[in-house]
1. Quick one: is A:Gly189 more than 9 Å from every other protein chain (Cβ to nearest Cβ) and either open to solvent by 70 Å² or more (accessible area, probe 1.4 Å) or not aromatic (Phe, Trp, Tyr) (or both)?
2. Taking the criterion of being open to solvent by 60 Å² or more (accessible area, probe 1.4 Å), modelled with pLDDT under 90, farther than 18 Å from B:Leu213 by Cα and under 15 Å from the mean Cα position of the chain (by Cα), would at least one residue in the stretch B:300-309 satisfy it?
3. Say we look at the stretch B:179-200 and pick out the residues that are open to solvent by less than 30 Å² (accessible area, probe 1.4 Å) and more than 14 Å from every other protein chain (Cβ to nearest Cβ); which of these is modelled with the lowest pLDDT?
4. Can you tell me which of A:Gly168, A:Gly140 is surrounded by fewer than 17 Cβ atoms within 10 Å (Cβ to Cβ), small (Gly, Ala, Ser) and either touching a residue at least 12 places away in the same chain (Cβ under 8 Å) or more than 23 Å from B:Ala184 (Cα to Cα) (or both)?
5. Report yes if A:Lys177 is on the phi < 0 side of the Ramachandran plot and part of a helix (DSSP H, G or I), otherwise no.
6. Take the residues in the stretch B:162-178 that are among the β-branched types (Val, Ile, Thr) and assigned to a loop (DSSP other than H, G, I, E, B), then tell me which one is nearest to the other protein chains (Cβ to nearest Cβ).
7. Hey, any hits in the stretch B:360-368 for a residue that's basic (Lys, Arg) and touching a residue at least 24 places away in the same chain (Cβ under 8 Å)?
8. Can you list residue pairs whose Cβ atoms sit under 8 Å apart, with the first residue in the stretch B:254-271 being closer than 12 Å to B:Tyr321 by Cβ and the second being β-branched (Val, Ile, Thr) and open to solvent by 30 Å² or more (accessible area, probe 1.4 Å)? Count only pairs 6 or more apart in sequence or on different chains.
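The values are calculated or read from the model by the stated rules, or taken from the named source; none is laboratory data. From a predicted model like this one, the values you see are computed outputs, not experimental measurements. With ideal geometry, Cβ positions are generated from the backbone for all residues, glycine too; neighbour counts draw on all protein chains shown. Just so you know, the surface numbers come from the protein's heavy atoms only, side chains and all, with ligands and any DNA or RNA stripped out. Shrake-Rupley method; radii C 1.70, N 1.55, O 1.52, S 1.80 Å.
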Amino acid sequence: MAEEKEALFSKQNRKLLSDPLNDNNPISVQVLGICSALAITVQLKPAIVMAIAVVFVTTFSNLIISLLRNLIPGRIRIIVQLMVVAALVILVDQILKAYAYDVSKELSVFVGLIITNCIIMGRLEAFALANKPWKSILDGIGNGAGYGAILIVIAFFRELLGSGKLLGFEVLGHKAKTLAESTGLYAMGYENNGFMLLSPMALITVGIIIWVQRSRNRKLIEA
Amino acid sequence: MNFLRKTLDKYKPLFEKGAKYEKFAPAFNGIDTLMFVPNHTTHKGAHIRDAVDLKRIMITVVLALVPTMLFGVWNIGYQNMGEGHTFMELFGYGAIRFFPMLAVSYGVGLGLEFLFAILRGHEVNEGYLVTGMLIPLIMPIDLPLWMLAVAVVFAVVIGKEAFGGTGMNILNPALVARAFAFFAYAPNMSGDKVWVADSAIDGVSGETVLGTLAANNPINSSVFDMFMGYIPGSVGETSVLMILIGLALLLFTGVANWRIVLSSVMGAAVMGLIFNALALNSLMTFPWWQHLLVGGFAFGMVFMATDPVSASQTNKGKWIYGFLIGFLAIMIRVFNGAYPEGVMMAILLMNVFAPTIDHYVIAANIKRRKKRLEKIKIA
């Protein structure tokens with residue numbers, strides 16, 4: 001073999017994993033997949049499950065399409081991609097229904113809507129169709145994780161400030177009907193921020209994340 | 001004054017370029033120019049300078065707000081304690097309740113302004129002097145101070161600094177604060193318990209006129225009370241008389257635009273008349289001219305809708321902008337039971353549309369002039 005074999009985690013490959021987490025984040029830089037970021041981030045638990053599901057789907061759809069990339073006729077490639085993604089999403093949906101029924105009920109239609117998540121189709125079109133399987137897997141994990149990380153950050157703040165809980169635990173204390181019976185912060189007159197539960201606030205949170213990211217990462221500022 | 005100038009001059013070298021506290025120069029200059037007229041001269045371009053700069057405009061608005069604020073402070077006491085107290089007792093009670101709100105609003109807001117000025121290396125703007133006064137005036141008196149502080153943080157950071165600071169904001173920052181508090185802490189911002197200070201303790205309940213209307217109850221305040229402002233409501237919004245005094249000052253100095261005020265009253269009148277003509281339920285039968293007296297209408301039209309930054313810039317645009325604010329405000333009041341007061345929503349919505357209105361007004365003007373030009377060419 002004339003070509004030198006590339007190490008599994010060469011610098012280039014590591015970049016495939018780390019890039020989508022910061023410099024090329026699907027949500028905060030490419031602004032894709034916003035709808036689900038607004039819809040399922042009221043609580044932390046569904047957001048985490050959603051993040052795992054999307055990592056699973058991006059990774060395996062990238063792998064499968066990358067394996068098939070030389071066999072797919074160009075004219076019907078979108079249909080083939082959709083078939084693969086749909087099959088994977090149905091798999092995720094069934095697993096959730098079997099093993100995590102209440103979360104599946106909370107996520108409701110948004111599990112099915114992973115099919116339409118622009119990030120997945122975008123990665124298939126832009127990456128998996130032109131790259132080898134291993135690189136495609138890394139790219140899939142990276143982008144799924146980049147999406148999931150933002151989702152979890154948003155959900156963390158929305159659940160904490162909106163309902164005073166994290167993963168269902170009352171971390172800020174218990175809010176009873178009267179001030180005297182309440183504990184923790186609520187005993188001092190703290191109230192939950194109802195605005196955090198509404199989707200506009202999720203959009204504003206995404207905006208704040210983008211703002212913070214751009215002021216830390218000068219590369220992202222357009223001239 | 002001389003002492004102040006000397007003290008400022010003494011510390012000035014510390015903040016100059018290359019000196020120890022160079023970073024904090026915006027904060028220092030902000031204090032300096034607030035106290036004294038800046039002494040820099042124009043270096044290039046037009047050399048005509050007006051005495052009315054941003055600072056003078058803002059101070060004028062603050063002065064225009066003083067009558068309604070003083071009345072509001074008295075009204076807090078009046079609503080809580082009622083008749084049979086001296087003026088000073090009522091005013092003193094109101095002052096104890098209101099001035100902490102003002103202090104929190106200015107403290108938090110100006111703190112953030114200075115912080116952003118230092119971080120971004122620009123000068124401190126005076127825009128917050130007005131916003132900081134407006135915010136406590138449009139909040140219910142029973143709002144906890146920390147909620148006020150959170151709302152102020154949101155208004156300054158998201159409503160203003162995210163867009164680039166004073167003069168760049170799309171929405172009126174004071175209304176952003178109110179909208180935020182309204183959606184975040186709804187139980188503290190509406191209902192019949194929040195408009196009278198300490199009502200939870202004293203058992204006094206006071207519903208605003210619009211709240212009473214929305215709940216389908218008979219109103220027991222006279223038109224005179226509504227005009228004078230002897231009714232429950234946000235601190236600054238109740239007295240139409242005091243707001244008119246402020247309006248007179250703003251119009252006389254040219255700070256507020258009469259087109260917006262006039263057209264918004266017209267818009268509200270048209271919508272009110274339509275509802276009166278239809279008269280399908282008790283809300284719709286509320287006389288159209290009384291809509292102008294109750295709630296935040298007068299306050300919003302005079303001090304919020306006329307905000308030169310977030311309003312339309314063209315004269316024709318101002319007519320459309322004002323008219324739609326009045327029109328929508330009354331429409332939201334009557335149609336949406338969840339929001340007895342529609343002025344805040346109407347102004348925020350039209351703030352968003354103001355640049356669009358301007359765009360079409362300008363496009364129409366260009367079209368007209370092009371046609372005229374073609375006519376001349378042919379002839």
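1. Numbers: more than 9 Å from every other protein chain (Cβ to nearest Cβ): no; either open to solvent by 70 Å² or more (accessible area, probe 1.4 Å) or not aromatic (Phe, Trp, Tyr) (or both): yes.
Considered against the rule, which asks whether it is more than 9 Å from every other protein chain (Cβ to nearest Cβ) and either open to solvent by 70 Å² or more (accessible area, probe 1.4 Å) or not aromatic (Phe, Trp, Tyr) (or both), A:Gly189 comes out as no.
2. Filtering the stretch B:300-309 for residues open to solvent by 60 Å² or more (accessible area, probe 1.4 Å) gives B:308.
When the remaining residues are screened for being modelled with pLDDT under 90, the result is B:308.
Those left that are additionally farther than 18 Å from B:Leu213 by Cα: B:308.
Restricting the remaining residues to those that are under 15 Å from the mean Cα position of the chain (by Cα) gives B:308.
Checked against the condition, which is being open to solvent by 60 Å² or more (accessible area, probe 1.4 Å), modelled with pLDDT under 90, farther than 18 Å from B:Leu213 by Cα and under 15 Å from the mean Cα position of the chain (by Cα), the stretch B:300-309 yields at least one hit.
3. The selected residue is B:Ser199.
4. A:Gly168
5. no
6. B:Ile170
7. Looking through the stretch B:360-368, none of the residues is basic (Lys, Arg) and touching a residue at least 24 places away in the same chain (Cβ under 8 Å).
8. Within 8 Å, the pairs are B:Ser263/B:Ile320.
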